[in-house]
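Participant: This is the structure, below, for whatever I ask next.
The values are calculated or read from the model by the stated rules, or taken from the named source; none is laboratory data. Only a predicted model underlies this, so the values are computations on that prediction, with no experimental measurement involved. FYI the Cβ positions are ideal-geometry reconstructions off the backbone, even for glycines, and counts take in every protein chain you see. What goes into the accessible areas is simple: the full protein's heavy atoms, side chains included, and nothing from ligands, DNA or RNA. Shrake-Rupley method; radii C 1.70, N 1.55, O 1.52, S 1.80 Å.
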Amino acid sequence: MARSYQTVTAEEFTAAAGLGEWRVEGDQAVVRFRTGDFVTGLALVNEIGRLAEEANHHPDLTLSYPEVGIRLGTHDTGTVTDADVALAQAITAVAQELGVPVVADS
Ligand SMILES: C[C@H](O)[C@H](O)[C@H]1CNC2=NC(N)=NC(=O)C2=N1
């Protein structure tokens, strides 16, 4: 049975617990984590992969030496939904466990 999604506004998304440093740009939520090196980036990417498979909900990831970039939206609706809120919160928690800060967007 297909999952039902609840679209959320940008304000609702960033007001959700732990998501204050994410941004909503159009139909995607975005954040960058300052991993500081490639090995830490790989560790974060692997954790995100585990969370995504557990949730059957998948972000777009950019892995570079100093950072991991994340873009997250619900393909099935073309919007940001409650599934994105839940996955973003889980990602934010594992980044905190790895001691990886968010890059504060200027
Ligand atoms: C068939 C499979 O369950 C769907 O395609 C899932 C897979 N992962 C997904 N990930 C994201 N971000 N959005 C979706 O709508 C989505 N749908």
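Participant: Provide the packing ranking of 65-74, 33-42, i.e. peptides ordered by the mean count of other C-beta atoms within 10 Å per residue, highest first.
Facilitator: Highest mean packing first, the order is 65-74, 33-42.
Participant: Relative contact order (percent) for the chain, with alpha-carbon contacts under 8 angstrom and 6 or more residues of separation? Please list the in-between numbers first.
Facilitator: Working: 165 pairs, mean separation 37.0, N = 106.
Computed over the chain, the figure is 35 percent.
Participant: What are the semi-axes of the equivalent ellipsoid of the chain, taken as the square roots of 5 times the eigenvalues of the Cα gyration tensor, listed largest first and rounded to whole Å? Can you show the working numbers first?
Facilitator: Values: eigenvalues 98, 47, 25 Å².
Over the Cα atoms of the chain, the semi-axes work out to 22, 15, 11 Å.
Participant: So, one more: Please give the FRET efficiency for residue 10 paired with residue 39, using the beta carbon to beta carbon distance and R0 = 35 Å, rounded to the nearest 0.05. Mind showing how you got there, number by number?
Facilitator: On the way: r = 34 Å, r/R0 = 0.96.
Computed FRET efficiency for residue 10 and residue 39: 0.55.
Participant: Treating only the Cβ of Lys, Arg, Asp and Glu as charged (+1, +1, -1, -1), what charge dipole size does the chain show about its Cα centre? Round to the nearest 20 debye.
Facilitator: Working: 6 positive and 16 negative charges, 29 e Å.
About 140 debye.
Participant: At a 1.4 Å probe, what is the % contribution of carbon and sulfur to the accessible area of region 10-97?
Facilitator: On the way: 2220 of 4410 Å².
Using a 1.4 Å probe with all protein chains present, region 10-97 comes out at 50 percent carbon and sulfur.
Participant: Whole number in Å², please: accessible area per residue of the chain, 1.4 Å probe, ligands, DNA and RNA not counted. All intermediate terms of the calculation are to be shown ahead of the outcome.
Facilitator: Working: 5860 Å² over 106 residues.
Roughly 55 Å² per residue, with all protein chains present.
Participant: Measure nothing but the geometry: give the 0 to 90° angle between the long axis through the Cα atoms of 82-97 and the longest principal axis through the Cα atoms of the chain, rounded to 10°.
Facilitator: For helix 82-97, the angle is close to 20 degrees.
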